[in-house]
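Undergrad: Here it is, the structure, as structure tokens.
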Amino acid sequence: MNALITTAVTMNSLEIAEMVGKRNDNVKRTVETLVDQGVISLPQIEEVKIQRERRDEKAKAYRFENEKGKRDSIIVVAQLCPEFTARLVDRWQELEAKLAKPVITDLSHLEILKLAVESGQKLIAADAEREHAIRDAVVTVEKALHGLLGKVSPGKALQTRIRNPESPGAKRTRAYRERKKAAAAINK
């Protein structure tokens with residue numbers, strides 16, 4: 001069986017402050033005012049690490065989570081800066097989209113084997129494509145060489161011979177060269 005990890009979607013007042021271009025203390029004050037007016041409920045406060053001038057500091061921030069937090073944060077942004085409400089809605093949708101993608105943490109043996117087979121099939125297909133491309137390139141080069149060789153000496157057959165180092169003729173030639181070198185070394 002697959003085990004899925006699900007976590008709550010959250011956003012804090014520091015993120016909201018950054019999004020609307022306000023300071024966190026102004027955002028927190030707006031939250032507290034709206035709570036006092038009974039428009040939103042008081043969110044949980046948390047300590048968040050922030051980096052300032054190459055050092056880590058902690059700041060207190062209100063944490064908005066789930067549907068209630070989403071609603072309340074939209075109201076806070078609408079109060080702070082109405083033109084940024086759309087940006088906040090987009091951010092919540094982005095967070096929810098990330099959460100909607102399931103994270104698989106445990107695969108059965110059959111699923112692992114299936115993934116391995118699929119991966120192997122993809123590699124085989126890629127190798128076949130590569131070999132086909134190489135064959136096409138060789139054919140193209142052979143045709144080009146044939147065309148060039150035909151232009152160099154029309155009417156005469158050019159012969160190219162690749163010697164096999166293990167052939168009897170190649171062994172005799174090698175032995176002859178070695179005897180000649182030995183004789184030259186003795187005569188010096």
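Residues are listed down the side, and each one gets a yes or a no for (1) farther than 30 Å from V9 by Cα; (2) surrounded by 10 or more Cβ atoms within 10 Å (Cβ to Cβ); (3) modelled with pLDDT under 80:
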| site | (1), (2), (3) |
| --- | --- |
| K101 | no, no, yes |
| Q121 | yes, yes, no |
| G150 | yes, yes, yes |
| R163 | yes, no, yes |
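Undergrad: Among the residues of segment 66-86, is any open to solvent by 50 Å² or more (accessible area, probe 1.4 Å), of a type in the set (D, E, K, R), over 27 Å from the mean Cα position of the chain (by Cα) and modelled with pLDDT under 85?
TA: yes
Undergrad: Picking from A61, A97, A144, A125, which residue would you name as being over 30 Å from the mean Cα position of the chain (by Cα) and modelled with pLDDT of 80 or more?
TA: So the residue among A61, A97, A144, A125 that is over 30 Å from the mean Cα position of the chain (by Cα) and modelled with pLDDT of 80 or more is A61.
Undergrad: Checking T33 against (1) modelled with pLDDT under 85; (2) surrounded by 10 or more Cβ atoms within 10 Å (Cβ to Cβ), which single condition isn't satisfied?
TA: (1)
Undergrad: Scan segment 47-55 and give yes if some residue there is in contact with a Leu (Cβ under 8 Å, 6 or more places away or on another chain) and at pLDDT 75 or above, otherwise no.
TA: yes
Undergrad: Just checking, how many residues over segment 35-58 are under 31 Å from the mean Cα position of the chain (by Cα) and at negative phi?
TA: Number satisfying all stated conditions: 7.
Undergrad: Here's a follow-up. What number goes with the only condition from (1) in contact with a Gly (Cβ under 8 Å, 6 or more places away or on another chain); (2) buried (at least 20 other Cβ atoms within 10 Å of the Cβ) that N12 does not pass?
TA: Among (1) in contact with a Gly (Cβ under 8 Å, 6 or more places away or on another chain); (2) buried (at least 20 other Cβ atoms within 10 Å of the Cβ), N12 violates only (1).
The values are calculated or read from the model by the stated rules, or taken from the named source; none is laboratory data. Not measured: the values here are computed from a predicted model. When we count neighbours, we look across all protein chains shown, and the Cβ atoms used for this are built from the backbone with ideal geometry, even at glycine. Quick note on the areas: whole protein, heavy atoms, side chains included, nothing else; ligands and nucleic acids left out. Shrake-Rupley method; radii C 1.70, N 1.55, O 1.52, S 1.80 Å.
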